[in-house]
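Asks: If you scroll down you'll find the structure; I have some questions about it.
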Amino acid sequence: MRKHTDLSLYNSTLSKSELIGEPLHIPKSLKIGDRVVILSPAYVAGKFGVICGRETLADGRSSNRWLIQVETDNIVVSLNLQEFQVISQ
C-alpha cells in the first residue's frame, strides 16, 4: 500500500504540471461513500468497499489512485480506476 497524507477527495482541476504519469481521466461521478466491488489485486478481489477519497502524495499533489476501505477487513487499499467498479452511489 502506498503512503498517503490525506483522505480528502480530489476537488479541483489538475494542471499539466500536477499530472503524474499519463493524463488522468477522473470520472465526475466518483465520490466519497460510493460502494465499489474490488477487481484486483487478488488478495481483495471480489470484496466490497467504500471510497474514502483520492490518494494525496507527500508533496500535496493528487495521485491517480483512490483509497478504498474494504468492508470485511480492517484495511484501506490504494487502487487505480481499473482495479474497482462503482456498484452504488
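Asks: Considering only region 72-87, state which residues are open to solvent by 50 Å² or more (accessible area, probe 1.4 Å) and polar (S, T, N, Q).
Replies: Matches in region 72-87: Thr72, Asn74, Gln82, Gln85.
Asks: Another one. So, in region 52-71, how many residues would count as being among the small types (Gly, Ala, Ser) and open to solvent by 40 Å² or more (accessible area, probe 1.4 Å)? Explain how you work it out, then say what you get.
Replies: Within region 52-71, the first condition is being among the small types (Gly, Ala, Ser), and the residues that meet it are 53, 58, 60, 62-63.
Cutting the leftovers down to open to solvent by 40 Å² or more (accessible area, probe 1.4 Å) gives us 58, 60.
Residues flagged as among the small types (Gly, Ala, Ser) and open to solvent by 40 Å² or more (accessible area, probe 1.4 Å) within region 52-71 amount to 2.
Asks: Restricting attention to region 56-89, report how many residues are closer than 16 Å to Gly46 by Cα, touching a Phe, Trp or Tyr at 6+ places or on another chain (Cβ under 8 Å) and of a type outside the set (A, V, I, L, M, F, W, C).
Replies: 4
Asks: Another question about this same structure. Quick one: which residue in Ser29, Ser40, Ser8, Ser12 is assigned to a loop (DSSP other than H, G, I, E, B) and modelled with pLDDT of 95 or more?
Replies: Only one candidate passes the filter, namely Ser40.
The values are calculated or read from the model by the stated rules, or taken from the named source; none is laboratory data. Remember, predicted model here, so these are calculated numbers, not experimental data. Heads up, the Cβs are rebuilt from the backbone with ideal geometry, glycines too, and the neighbour counts pull from every protein chain shown. Side chains are part of the model used for accessible areas, which takes the heavy atoms of the whole protein and leaves out ligands, DNA and RNA. Shrake-Rupley method; radii C 1.70, N 1.55, O 1.52, S 1.80 Å.
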